[in-house]
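Take a look at the structure below.
The values are calculated or read from the model by the stated rules, or taken from the named source; none is laboratory data. None of these values were measured; they are calculated from a predicted model. Positions of Cβ are generated from backbone atoms using ideal geometry, with glycine treated the same way; all protein chains shown enter the neighbour counts.
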Amino acid sequence: MALLEIKNLVKAFGGLKAVNDITFHVEEGEIFGLIGPNGSGKTTTFNCINNYYPITSGDVLFKGKSIKGLKTHKVCHLGIGRTFQVVKPLARMTVLENVTASAFCRVNTIREAQNEALELLEFTNLTGEKDKQAKSLPIGGRKRLEIARALATKPELLLLDETAAGLNPSELDEAIELIRKIRDNGITILIIEHIMKVIMTISDRIHAINFGQTIASGTPEEVANNKAVIEAYLGGEYVKD
């Protein structure tokens, strides 16, 4: 049984189907990539998984049970955490306070929450920034803080939305290492990413969509060589007959 199953997912906004009959599954312990050009429906798919957007039709199953229609906080409590494409930390609070606040999803005392937060700041290489206001962090630090906050909810499945966007080359290498460390700690990952160095390096399998519909699915090599994927990203003139 797959950890996550997306079955014939449709999300319509009026007459526009932003996600149109997408089906895929994520196995426990893997890093699964979701790719596609801008506006292809990737983040909308994430928003349907955790019910930030109500699903128009289809279903989302977590550990074999439908989570369609559950409140977003209940989806989190079941074990699905996520980051957001546009990171928005609690700007006037410290880095430590940001992660401590998220830890209250699972613990009941300030001591427990702070201890969890300190461990996660060490894990994400943010210990030295713990007393700084979150708004003072550069983009790389804010991205790692976003991950630490999500990890504080103790997910079994972590949805990462463009974690590497805006990072310089050395920060990209650090992001790849961190994502692998998260998986090595037993957390399954579903990741949206535009940077091919990241997605092709870390993913076990990849699902590609365009205009809300599936265009390819398979190993990184299979998807990278798929004509429909090449056309979606580069244009038809780059497709070899």
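Couple of notes before you dig in:
- Some residue of the stretch 111-121 being of a type outside the set (S, T, N, Q), out of contact with any strand residue (DSSP E or B) (no Cβ under 7 Å at 6 or more places or on another chain), under 30 Å from HIS25 (Cα atoms) and in contact (Cβ under 8 Å) with a residue 40 or more places away in the chain: no
- Pair list, Cβ < 8 Å and 6+ apart or interchain, from the stretch 125-137 residues that are in contact (Cβ under 8 Å) with a residue 40 or more places away in the chain to residues that are exposed (fewer than 14 other Cβ atoms within 10 Å of the Cβ): GLN133/ALA91; GLN133/ARG92; ALA134/ALA91; ALA134/ARG92; LYS135/ALA91; LYS135/ARG92
- Qualifying positions in the stretch 142-159 - farther than 13 Å from THR124 by Cβ and buried (at least 19 other Cβ atoms within 10 Å of the Cβ): THR153, PRO155, LEU157, LEU159
- So GLU177, is it buried (at least 20 other Cβ atoms within 10 Å of the Cβ) and assigned to a helix (DSSP H, G or I): no
- Residues satisfying the stated conditions in the stretch 85-99, i.e. hydrophobic (A, V, I, L, M, F, W, C), surrounded by fewer than 17 Cβ atoms within 10 Å (Cβ to Cβ) and under 18 Å from GLY166 (Cα atoms): VAL86
- Subset of the stretch 35-54 [out of contact with any Leu (no Cβ under 7 Å at 6 or more places or on another chain) and not in a loop (DSSP other than H, G, I, E, B)]: ILE35, THR43, THR44, ASN47
- Identity of the residue in the stretch 65-94, farther than 29 Å from LEU121 by Cα and out of contact with any Asp or Glu (no Cβ under 8 Å at 6 or more places or on another chain), that ends up modelled with the lowest pLDDT: GLY69
- Of all residues making up the stretch 83-110, the number that are among the polar types (S, T, N, Q), without any contact (Cβ under 8 Å) to a residue 60 or more places away in the chain and not in a helix (DSSP H, G or I): 3
- Restricting the stretch 64-84 to residues that are over 18 Å from the mean Cα position of the chain (by Cα) and not aliphatic (A, V, I, L, M) leaves a set whose member that is surrounded by the most Cβ atoms within 10 Å (Cβ to Cβ) is LYS68.
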